[in-house]
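Below is one structure, written out as structure tokens; the observations come after it.
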2 protein chains.
Amino acid sequence: MGFSDKIRVLNVNLSTREITREELDAEVSKKFIGGRGAGTYLLSTLLKDDVDPLSPNNPLIFATGPLTGTAAPTGGRYMALCKSPLTGLVASSNSGGQFGAELKRTGTDIISIVGKASAPVYLAIDDEKVELRDASHLWGTDTHFTTETLKQELGWEKAKVACIGPAGENMVRFACIINDKHRAAGRSGVGAVMGSKNLKAIVVKGSKRPEANDQERFMEIVKARVKLLQDHPVTGQGLAALGTKVLDNIINEHGAYPTRNFQTGVFESTDEVCGEALVEKGYLKKNRGCYACPIKCARVTELPTGSKGEGPEYESGWALGAATGVKDLIAITEVNYMCNLYGLDTISCGLTIACAMELYEKGLIKKDDLKGGPAMVFGSSEALIYYTKQTALKQGIGSRLAEGSMRLAQECGAPEYSMTVKGQELPAYDPRGVQGQGLSYATSNRGGCHVRGYLIAPEVLGIPEKLDPQATQGKAQWVKVFQDLTAVIDSMGLCLFTSFALGAEDYLAILNGFTGFDYSLDEMMECGERIWNLERMLNMRFGMTSQSDTLPERLLKEPMPEGPQKGNTVRLEQMLPEYYSLRGWSEDGVPQKETLQRLGIDGL
Amino acid sequence: MGFSDKIRVLNVNLSTREITREELDAEVSKKFIGGRGAGTYLLSTLLKDDVDPLSPNNPLIFATGPLTGTAAPTGGRYMALCKSPLTGLVASSNSGGQFGAELKRTGTDIISIVGKASAPVYLAIDDEKVELRDASHLWGTDTHFTTETLKQELGWEKAKVACIGPAGENMVRFACIINDKHRAAGRSGVGAVMGSKNLKAIVVKGSKRPEANDQERFMEIVKARVKLLQDHPVTGQGLAALGTKVLDNIINEHGAYPTRNFQTGVFESTDEVCGEALVEKGYLKKNRGCYACPIKCARVTELPTGSKGEGPEYESGWALGAATGVKDLIAITEVNYMCNLYGLDTISCGLTIACAMELYEKGLIKKDDLKGGPAMVFGSSEALIYYTKQTALKQGIGSRLAEGSMRLAQECGAPEYSMTVKGQELPAYDPRGVQGQGLSYATSNRGGCHVRGYLIAPEVLGIPEKLDPQATQGKAQWVKVFQDLTAVIDSMGLCLFTSFALGAEDYLAILNGFTGFDYSLDEMMECGERIWNLERMLNMRFGMTSQSDTLPERLLKEPMPEGPQKGNTVRLEQMLPEYYSLRGWSEDGVPQKETLQRLGIDGL
């Protein structure tokens, strides 16, 4: 199957059960690449008016990039997009595994779903053949059971499945979509939107292998980049050996490992929960890679209790561990499994429980509120397990936790204990120790997030060069470039982890090599900038203002109490105006007309 | 199948694969009743010389009582007897469930096993038909898998299975025998002896219903006692609602709830782990009873992780909880499940880990000894789970834990941290708060044990009358009577829990009603005394002296540091001489010749 510059969209209306196909103009592909970019474009055409994220009118888009399903290293990614029930802004969640590549092999680039089924259904795609089928028997079951059952009942042994668990069905605001059992389109509640549509799963089975028009030349480009990845210490060895959990000790020693709901940046039990401990305790059985991935960072694990699964990764292990003060690596890993089974975002789950623990500590959640459940105290492995289940099933106080930490803390009259940006829980780096990351958090188009501009790379890891993490000068430019390049990588269908070893020129070579588009480096980066600005415009259409380009009060005003970052706060005010200016936005953070015109999105 | 006063023994020699039957003289039945008594008698005839408990020469006896398999309330018990690899003394472990009753229905009262199979085998008994079959495929598998597989491969849907798990195979000194998946002949390492014989399991399927010679009259006696049990607050309601875990709060409030290896008698987190919490947290799904049991104290539970099983009971929950300082009821319950699957005695397992935690605290076990495992600190749910598995599989430091706390602490040069009597770990009552229980522990014929004379009943619960727990005067007499009556109940084949509601006269009525023996009350109690003295003589034959009729130094010399029992120690020296005297033993605790003659066991 050769590359087409016309993105092939499969439209599914769950209300009418109408299924149609369309192709987007070649211009869309050229301007937005595909994946995240094309998905955002599609979202902007579908979401003209104000829409409740959990209503039938919210579209749910599964978008592959041009490189998805190809031989490009890590070329197996897809994005799930919609309006987020957690943030009310753009939800745009990336996932690996095999599902995206298989979807591409059916000959579809993007699935766009609107409406709501009258009863639970799943979507079965076998190349051109598309069917909506009854899923009543799967409602209430976990993601692993659903995945196995669907493959069996369809007799499609090699099919790939993306589905929701009970958390998505129950519309927990941070429910995720799970594909291939262990991979998640994790953040912003895309699983809740899927649940609101009564759509339990999508099963794909394809026979079409995507190829470049000059496949031979493309393979040469690919081989050279695979070698770069294999030769780099991070992507060649580090991530295989310890996974992303190689970071636990590094970030803790940097003093930016958020502990007990960001009360401090040093976790005293990191040695019990770090990536090295996962190996030494024998829980790690092997590593595993997604489609076409030479890095293979996934953790295949087994616990002394007999439980088996994948993970935890760095973010999940942190959110369920240091963030809640839990130092029991068995409990952390078990809850990671539970989140995969229920379909819960581990970061928002862990940090919402951490927020609840602080509210309990401060007397704002009372023992009576727990209705017989374990004391909600920092460090309690039992509370972590118990309230994760309650959240997924909206049982007891879980119905309040299921709203996310922002709504929970507001309801308790103490919004300051919600460690969120724009309503989405922050990830595993305390920005008081990494100023640029603070700016990246504050300006992320999907709220608290580490994969929209990973400043940890230069500020802590020294990739591609070492920056002073406490400097604010110059960080705006770094953030802008990282945000734009990230948008390109997400839109191509590749994994961000390639960027430890690959530079913009490598992505350019791969992208041009496959599509034949012949972008210049500037043109490619401008695609990223275009996508970023379109996301920003969409968010503003949803009512967002620059007021929300900020961080939790704690990070701006409470000096870090101990460790290497003692005394530091985030000096956001020193970076934000420069960032707006570099972006070509007004002092109020609104993209200027000229900027939109330059990017060719002033009409959208 | 009418009652026969000739106990029917099935002899199995695993070395020669010879299987024979014999009947014991009616006198044995009259003097020793059956069950524990007859098993001990048989043991004394088989164990003339010094024998390594893990050698082929150690017999392993499964003994039902005359009431086992009948309609008598709780009439489903059997005993597993041998020389203990943990204590070097008599092992005599009682279990409920269905196995004992089913064994009786095959027409066999006692199975006596000697020798060692050349490869793993199991014993299949279908009424008269007895077979030794290959069990190689089951070696290394857990007790539940073994149970299910055997029933399936034999096609014996309603068969009952007693088996060992990996802990028994590995000859962990406190491995147990598990029957009906969740019931255990728990203490003194009877599972290790089964493992040493390469005997994986016994499967029984019987068709013979045991009946009294005057069954109608017997049923009247039974019905009246069932009513007594149903009408009593403990056996009628308390044990059904909360199981034995009704005791957590009672014993903690009494200040005798041994915490962190008996360092104190008050556990600050009892409210998180007690029987009430098991209900309120929703882990308890229902209660369940053993064969013919109107009490139904077993806990059918399910955890938020999805794990299911039975328990924990009071002793198990304490040993895995307060004793180790762990307050995570999920972890405690999960480890209880693991102990059932691996075939580990929960009390010795928990208290051996607790001992190791204290040795770690004192620097006598070092971080390096843990070989990458979690820090062995009090309160660590992860350490509890991790080292339970290591113990069962003899991995890492687990090979040292598998020897039990006495050998572990001795090896570390600090035997004082082993909370054992005669090498067996103590149960869940700190005798500094219950003097009579202290005497009962010190004189128990199988070492640290609460089911050889449960003085908690009068000293704390006020059953049958309330005694001052700190008084020492008169306790010797209570201990003697309780020990003797317990021996009778164990030998009949009934559950000790009946004694909350039934008195000696009730047992007499049941026993006489079924056997037609027409004992007087004194004669029946003398049977108990006879059994007790025979056990004592056997222990002395194994080298035991009165030196070991004592308690851990901590309980004799360290005053309780806090709580209602603050300042107390066990004043054993005030009770032991009186006890010896009442028993008709010398000042050195040796049964006098006249005593043995009076009991008719001077020739044994």
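Among the residues of region B:444-455, is there at least one that is modelled with pLDDT of 95 or more and outside any loop (DSSP other than H, G, I, E, B)? Reasoning before the result, please.
Kept after step one, since they are modelled with pLDDT of 95 or more, are these residues of region B:444-455: B:444-455.
Cutting the leftovers down to outside any loop (DSSP other than H, G, I, E, B) gives us none.
No; the residues of region B:444-455 include none that is modelled with pLDDT of 95 or more and outside any loop (DSSP other than H, G, I, E, B).
One residue is enough: does region A:314-336 have a residue meeting the conditions more than 15 Å from A:Val273 (Cα to Cα), of a type in the set (Phe, Trp, Tyr), in the same structural domain as A:Asp271 (by TED's automatic domain parsing) and not in a loop (DSSP other than H, G, I, E, B)? If you could, list the steps in order and put the result at the bottom.
Filtering region A:314-336 down to residues more than 15 Å from A:Val273 (Cα to Cα) leaves none.
No; the residues of region A:314-336 include none that is more than 15 Å from A:Val273 (Cα to Cα), of a type in the set (Phe, Trp, Tyr), in the same structural domain as A:Asp271 (by TED's automatic domain parsing) and not in a loop (DSSP other than H, G, I, E, B).
Can we say A:Glu403 is of a type in the set (Asp, Glu), in the same structural domain as A:Ala354 (by TED's automatic domain parsing) and either on the phi > 0 side of the Ramachandran plot or without any contact (Cβ under 8 Å) to a residue 60 or more places away in the chain (or both)? Before you say what the answer is, go through the steps one by one.
Details: of a type in the set (Asp, Glu): yes; in the same structural domain as A:Ala354 (by TED's automatic domain parsing): yes; either on the phi > 0 side of the Ramachandran plot or without any contact (Cβ under 8 Å) to a residue 60 or more places away in the chain (or both): no.
Judged against the criteria, A:Glu403 is not a match.
Would you say B:Gly39 is surrounded by 17 or more Cβ atoms within 10 Å (Cβ to Cβ), on the phi > 0 side of the Ramachandran plot, at pLDDT 95 or above and touching a strand residue (DSSP E or B) at 6+ places or on another chain (Cβ under 7 Å)? Outline the logic, then answer.
Values: surrounded by 17 or more Cβ atoms within 10 Å (Cβ to Cβ): yes; on the phi > 0 side of the Ramachandran plot: no; at pLDDT 95 or above: yes; touching a strand residue (DSSP E or B) at 6+ places or on another chain (Cβ under 7 Å): yes.
No; evaluated as a whole, the condition is false for this residue.
For region B:13-49, how many residues meet the condition of being within 24 Å of the chain's Cα centre (by Cα) and not small (Gly, Ala, Ser)?
To start, the set of residues in region B:13-49 that are within 24 Å of the chain's Cα centre (by Cα) comprises B:28-29, B:31-47.
Next cut, not small (Gly, Ala, Ser) only: B:28, B:31-33, B:36, B:40-43, B:45-47.
Residues that pass the stated criteria total 12.
Quick check on my filter: what residues within region A:277-291 are open to solvent by 10 Å² or more (accessible area, probe 1.4 Å), assigned to a loop (DSSP other than H, G, I, E, B) and at the interface with another protein chain (Cβ under 10 Å from one of its Cβ atoms)? Reasoning before the result, please.
Residues of region A:277-291 open to solvent by 10 Å² or more (accessible area, probe 1.4 Å): A:279-282, A:284-291.
From what's left, assigned to a loop (DSSP other than H, G, I, E, B): A:281-282, A:289-291.
Those that are open to solvent by 10 Å² or more (accessible area, probe 1.4 Å), assigned to a loop (DSSP other than H, G, I, E, B) and at the interface with another protein chain (Cβ under 10 Å from one of its Cβ atoms): A:Lys281, A:Gly282.
If you go through region A:303-337 one residue at a time, how many are of a type outside the set (Lys, Arg) and more than 11 Å from chain B (Cβ to nearest Cβ)?
So in region A:303-337, the residues of a type outside the set (Lys, Arg) come out as A:303-307, A:309-326, A:328-337.
Subsequent filtering for residues that are more than 11 Å from chain B (Cβ to nearest Cβ) retains A:309-325, A:336.
Residues in region A:303-337 being of a type outside the set (Lys, Arg) and more than 11 Å from chain B (Cβ to nearest Cβ): 18 in total.
Being open to solvent by 30 Å² or more (accessible area, probe 1.4 Å), away from chain B (no Cβ under 14 Å) and either over 19 Å from the mean Cα position of the chain (by Cα) or closer than 21 Å to A:Pro431 by Cα (or both) narrows it down to one residue among A:Pro294, A:Pro258; which is it? Walk me through how you get there before you give the answer.
Numbers: A:Pro258 fails: open to solvent by 30 Å² or more (accessible area, probe 1.4 Å).
From the options A:Pro294, A:Pro258, the qualifying one is A:Pro294.
All but one of (1) of a type outside the set (A, V, I, L, M, F, W, C); (2) open to solvent by less than 50 Å² (accessible area, probe 1.4 Å); (3) more than 28 Å from A:Thr45 (Cα to Cα); (4) in contact with a helix residue (DSSP H, G or I) (Cβ under 7 Å, 6 or more places away or on another chain) hold for A:Glu157; state the number of the condition that does not hold.
(2)
Pick out, from region A:206-276, the helices (runs of 4 or more DSSP H) lying fully within it that include 3 or more residues that are more than 17 Å from A:Phe500 (Cβ to Cβ).
Filter on region A:206-276 gives A:215-231, A:247-254, A:270-273.
Inspect all residues belonging to region B:52-67 and state whether any of them is within 20 Å of B:Met544 (Cβ to Cβ), in a helix (DSSP H, G or I) and open to solvent by 10 Å² or more (accessible area, probe 1.4 Å). Quick ask: steps written out before the conclusion?
Taking region B:52-67 as the starting set, the residues that turn out to be within 20 Å of B:Met544 (Cβ to Cβ) are B:52-55, B:57-59, B:61.
From what is left, the residues that are in a helix (DSSP H, G or I) are none.
So far as region B:52-67 goes, no, none of its residues is within 20 Å of B:Met544 (Cβ to Cβ), in a helix (DSSP H, G or I) and open to solvent by 10 Å² or more (accessible area, probe 1.4 Å).
Assess whether B:Leu47 counts as being open to solvent by less than 10 Å² (accessible area, probe 1.4 Å), at pLDDT below 95 and more than 27 Å from B:Lys227 (Cα to Cα).
Numbers: open to solvent by less than 10 Å² (accessible area, probe 1.4 Å): yes; at pLDDT below 95: yes; more than 27 Å from B:Lys227 (Cα to Cα): yes.
Taking the combined requirement at face value, the residue satisfies it.
Can you say whether B:Leu494 is within 19 Å of B:Gly39 (Cβ to Cβ) and not assigned by TED's automatic domain parsing to the domain that holds B:Asn94, as far as the supplied structure shows?
Details: within 19 Å of B:Gly39 (Cβ to Cβ): yes; not assigned by TED's automatic domain parsing to the domain that holds B:Asn94: yes.
Considered against the rule, which asks whether it is within 19 Å of B:Gly39 (Cβ to Cβ) and not assigned by TED's automatic domain parsing to the domain that holds B:Asn94, B:Leu494 comes out as yes.
Let me confirm something: among A:Ala119, A:Ala135, which residue is of a type in the set (A, V, I, L, M) and open to solvent by 20 Å² or more (accessible area, probe 1.4 Å)?
Values: A:Ala135 fails: open to solvent by 20 Å² or more (accessible area, probe 1.4 Å).
So the residue among A:Ala119, A:Ala135 that is of a type in the set (A, V, I, L, M) and open to solvent by 20 Å² or more (accessible area, probe 1.4 Å) is A:Ala119.
Being of a type outside the set (D, E, K, R) and touching a strand residue (DSSP E or B) at 6+ places or on another chain (Cβ under 9 Å): is that true of A:Gly350 here?
Numbers: of a type outside the set (D, E, K, R): yes; touching a strand residue (DSSP E or B) at 6+ places or on another chain (Cβ under 9 Å): yes.
The answer is yes for A:Gly350.
Give the number of residues within region A:178-211 that are open to solvent by 10 Å² or more (accessible area, probe 1.4 Å) and aliphatic (A, V, I, L, M).
Qualifying residue count for the region: 1.
Scan the helices (runs of 4 or more DSSP H) fully inside region A:364-414 and keep the ones with 3 or more residues being at the interface with chain B (Cβ under 9 Å from one of its Cβ atoms) and surrounded by 19 or more Cβ atoms within 10 Å (Cβ to Cβ). Reasoning before the result, please.
On the way: elements: A:381-393, A:398-401, A:405-411.
Answer list for region A:364-414: A:381-393.
Tell me the helices (runs of 4 or more DSSP H) entirely within region B:501-604 that contain at least 2 residues that are among the acidic types (Asp, Glu) and assigned by TED's automatic domain parsing to the domain that holds B:Cys449. Give the derivation first.
Details: elements: B:504-515, B:521-541, B:553-557, B:576-583, B:593-599.
Correct list: B:521-541.
Residue by residue through region A:482-534, note down the ones that are without any contact (Cβ under 8 Å) to a residue 40 or more places away in the chain and over 23 Å from the mean Cα position of the chain (by Cα).
Filtering region A:482-534 for residues without any contact (Cβ under 8 Å) to a residue 40 or more places away in the chain gives A:489, A:503-505, A:507-508, A:512, A:518-524.
The answer is A:Glu505, A:Leu508, A:Asn512, A:Asp518, A:Tyr519, A:Ser520, A:Leu521, A:Asp522, A:Glu523.
Among residues belonging to region B:415-440 that are polar (S, T, N, Q) and not in a helix (DSSP H, G or I), point out the one that is surrounded by the fewest Cβ atoms within 10 Å (Cβ to Cβ).
If we filter region B:415-440 for residues that are polar (S, T, N, Q), which is where we start, we get B:418, B:420, B:424, B:435, B:437, B:440.
From what's left, not in a helix (DSSP H, G or I): B:418, B:420, B:424.
On the way: B:Ser418: 28, B:Thr420: 25, B:Gln424: 30.
Only one residue tops the list, namely B:Thr420.
Could you pull out the residue among A:Leu86, A:Leu81 that is hydrophobic (A, V, I, L, M, F, W, C), open to solvent by less than 40 Å² (accessible area, probe 1.4 Å) and assigned to a loop (DSSP other than H, G, I, E, B)? Write out each step before concluding.
Values: A:Leu81 fails: assigned to a loop (DSSP other than H, G, I, E, B).
A:Leu86 is the lone residue from the list that is hydrophobic (A, V, I, L, M, F, W, C), open to solvent by less than 40 Å² (accessible area, probe 1.4 Å) and assigned to a loop (DSSP other than H, G, I, E, B).
The values are calculated or read from the model by the stated rules, or taken from the named source; none is laboratory data. What you see is a predicted model; the values in this text were computed from it and never measured. Every residue, glycine among them, receives a Cβ derived from its backbone with ideal geometry; neighbour counts consider all protein chains shown. For the accessible areas, the whole protein counts, side chains as well, though only heavy atoms, and no ligand, DNA or RNA atoms are used. Shrake-Rupley method; radii C 1.70, N 1.55, O 1.52, S 1.80 Å.
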